[in-house]
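Here's the structure we're looking at; comments come further down.
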Amino acid sequence: MPDDKLSEIQSRFLKEAQQKQRRIAIGIWRPEPVVVDSLRQAQNYTDLTVVGCQIEGLNCMPTKDDDEASHVIVDLVKEGRVEGFVRGQLKDSYTHKVYVEALGRPEPKFKFTPLTIAKDRQWFTISSPSNYNSLTLEQKQAEAERAARWLTDLGYIPKIGVASTRRLSGRVGEFGLLEEIAKYCEEAAEFLRGKGYDVTEYYIEYERAVWEGCNLIVPSIGMIANTWLKGLVYLGGWTLVCCPMLDEGSFYDDSPRNNVNWFWPIISTAAWINRSLL
């Protein structure tokens, strides 16, 4: 069983996943003991299929390499043999390319992947968790607004913290790249306020946004967010809860491949299916 000291969103997803057992696939290529332990826990709540390797006591579909595993897991989705999938340890862009080609979907203009992490009772969502996120103002605004709607659809009132690349009192105007990104951040904050959301600008103080209870953090740029969240999850003791790939036509979790606790991405995917189908 997972740790009893759970955040509200984890407790909620666990209850939702238990409403009906769902068929979930996950791509696993490196079955380290901690990874296997999390899969065995998730098996108690889902009809789980592991694609990529063989693990005793689990339903597995071994493949010759992780590229083949991407094709196999997408075929399971296409054929309706699973109801949702977690990319797991498979390649990000490669798996998505296989997915859109196999299902005949157009390449989306934006990939909406709000990523949620938790520690003890605290949790928050990051709107732009990938290196490729928030590279333009249009992209930043679209990702932030979609993440806010995702939280709203879950029944939460978004409390948004917008970060930046400098302080207002810092070395303003010295570095062109920092100024360009800071301008995007200021305009994104105004855009979200115009949508009626509660927005505070925290500039470079991500930690204060967390301390002050923001449930949606809009990072300055995806490259900074990616490094920050990896530090929290891989080194800081935070748990990666979910990273749903929204508006893709499937229940598709895109949590980073170096994660080792796969219980929560699997459980959150099952909860997502149950919220939509029950």
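The table below lists the values:
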item	result
Test for A118: is it in a helix (DSSP H, G or I) and modelled with pLDDT of 95 or more	no
Residue pairs meeting the criteria (Cβ under 6 Å; at least 6 apart or on separate chains; first touching a residue at least 24 places away in the same chain (Cβ under 8 Å), in the stretch 23-46; second among the charged types (D, E, K, R) and part of a loop (DSSP other than H, G, I, E, B))	R23/E83; G27/R87; T46/R22
For S134: the one exception among (1) touching a residue at least 24 places away in the same chain (Cβ under 8 Å); (2) hydroxyl-bearing (S, T, Y); (3) assigned to a helix (DSSP H, G or I)	(3)
Members of the stretch 234-250 found to be of a type outside the set (S, T, N, Q) and open to solvent by 20 Å² or more (accessible area, probe 1.4 Å), listed by number	Y234, L235, G236, G237, W238, D247, G249
Filter result for L151 (assigned to a strand (DSSP E or B), at pLDDT 95 or above and closer than 24 Å to I9 by Cα)	no
Filter result (within 26 Å of R171 (Cβ to Cβ), surrounded by 15 or more Cβ atoms within 10 Å (Cβ to Cβ) and of a type outside the set (G, A, S)) within the stretch 194-216	V199, E201, Y202, Y203, I204, E205, Y206, V210, C214
So E143, is it part of a helix (DSSP H, G or I), open to solvent by 10 Å² or more (accessible area, probe 1.4 Å) and either under 19 Å from F251 (Cβ atoms) or out of contact with any Lys or Arg (no Cβ under 8 Å at 6 or more places or on another chain) (or both)	no
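Condition check ((1) more than 23 Å from K5 (Cα to Cα); (2) more than 17 Å from the chain's Cα centre (by Cα)) across all residues:
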site: R105; (1), (2): yes, yes
site: F112; (1), (2): yes, no
site: T116; (1), (2): no, no
site: R121; (1), (2): no, yes
site: Y132; (1), (2): yes, no
site: T136; (1), (2): yes, yes
site: L151; (1), (2): no, no
site: V162; (1), (2): yes, yes
site: R166; (1), (2): yes, yes
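The values are calculated or read from the model by the stated rules, or taken from the named source; none is laboratory data. Predicted, not measured: the structure shown is a model, and the values here were computed from it. Backbone-built Cβ (ideal geometry, glycine too); neighbour counts: all protein chains shown. Only protein heavy atoms, including side chains, enter the accessible area calculation; ligands, DNA and RNA are left aside. Shrake-Rupley method; radii C 1.70, N 1.55, O 1.52, S 1.80 Å.
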